[in-house]
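The values are calculated or read from the model by the stated rules, or taken from the named source; none is laboratory data. From a predicted model like this one, the values you see are computed outputs, not experimental measurements. Using ideal geometry, Cβ is built from the backbone for each residue, glycine included, and neighbour counts are taken over all protein chains shown. Side chains included, ligands, DNA and RNA excluded: accessible areas come from the protein's heavy atoms. Shrake-Rupley method; radii C 1.70, N 1.55, O 1.52, S 1.80 Å.
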Amino acid sequence: MRMFMQFILVLLVAFVAGIEGILDEFEFHQPIVACTLIGLVTNHLAEGLLLGGSLQLIALGWANIGAAVAPDVCLASVISSILMVHGLNSAIDTRYVIAISIALAIPLSLVGLSLTKVCRNLAIKLVHKMDETKKVSYYQWIGICMQGIRVLIPTIVLLLIPSTVICSILEVIPVSIYKGLLIGSGVVCVVGFAIVANVLGSK
């Protein structure tokens, strides 16, 4: 029963975070919030907060400018948090688990970017339907829920993979690679913060 409740709560966080990636009202899609919430519902609050804080420093340098869409922090936050929770069940040092979660967050953000582009293209058809019908609110809800589903489906797939499978994969990786990822994860966070500092410092 407890595992089932955790499963439902993680899915709820994933869905709401996906929606917030478009709405930007309550900022549930931000790493510091999404990772912390998943850590909270899975009894890994401290680790979730640490991962979220590290990813937030990276995401500070990402912004939607004009028609350019930044990498998707929402999918990156949710999926990397779940991977971290799986990894914490292994014999690997917690620092290394968080480091590999940070390293995987960057390619995951690019996958999320591709998925959100698909959702936005599908939403164009919904906009045309709004021109022809009075069900504007109905189609608007569909468009918003698509963004939640694009995060929900990868989350379900990852949650259905047994934790033992992911742990066994992580445990065969050499420690030297983990140490490299640990150093690299710290450098990436610094770069994200440096981009913001550089912009603020320009005249």
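Of the DSSP H helices in the chain, those that are both long (alpha-carbon extent of 27 Å or more along the helix axis) and hydrophobic (Kyte-Doolittle mean at least 0.5) are 2-23, 94-132, 136-160, 175-201. When the chain is treated as a GNM with alpha-carbon contacts under 10 Å, the residue of VAL136, VAL78, VAL13 showing the greatest mean-square fluctuation is VAL136.
Only DSSP H runs of four or more residues enter the estimate; each adds -39500 (n - 2.57), and after division by the residues of the chain the mean residue ellipticity at 222 nm equals -27500 deg cm²/dmol. The ellipsoid equivalent to the alpha-carbon distribution of the chain has semi-axes of 30, 23, 14 angstrom, derived from the gyration tensor eigenvalues as √(5λ) and listed largest first. Under 8 Å for C-alpha pairs, at least 6 residues apart: give me the relative contact order for the chain, rounded to a whole percent. It comes to 28 percent, rounded to a whole number. For region 83-189, the relative contact order comes to 52 percent (Cα pairs under 8 Å, sequence separation of at least 6).
Taken along the Cα-to-beta-carbon direction at a fixed 7 Å, the label points for THR94 and ILE161 span 2.4 nm. Comparing SER54, SER81, SER90 in a Gaussian network model of the chain, where Cα atoms under 10 Å apart are tied by springs, the biggest mean-square fluctuation is seen for SER90. So which residue, out of LEU57, LEU37, LEU160, gets the largest mean-square fluctuation from a GNM of the chain using Cα contacts under 10 Å as springs? Maximum fluctuation in the GNM of the chain, among the listed residues, is at LEU160. For ASP131, ASP72, the ranking by accessible surface with the largest value first comes to ASP131, ASP72, using a 1.4 Å probe.
Note on ARG120: accessible area approximately 100 square angstrom, rounded to 10, probe 1.4 Å, nucleic acids and ligands left out.
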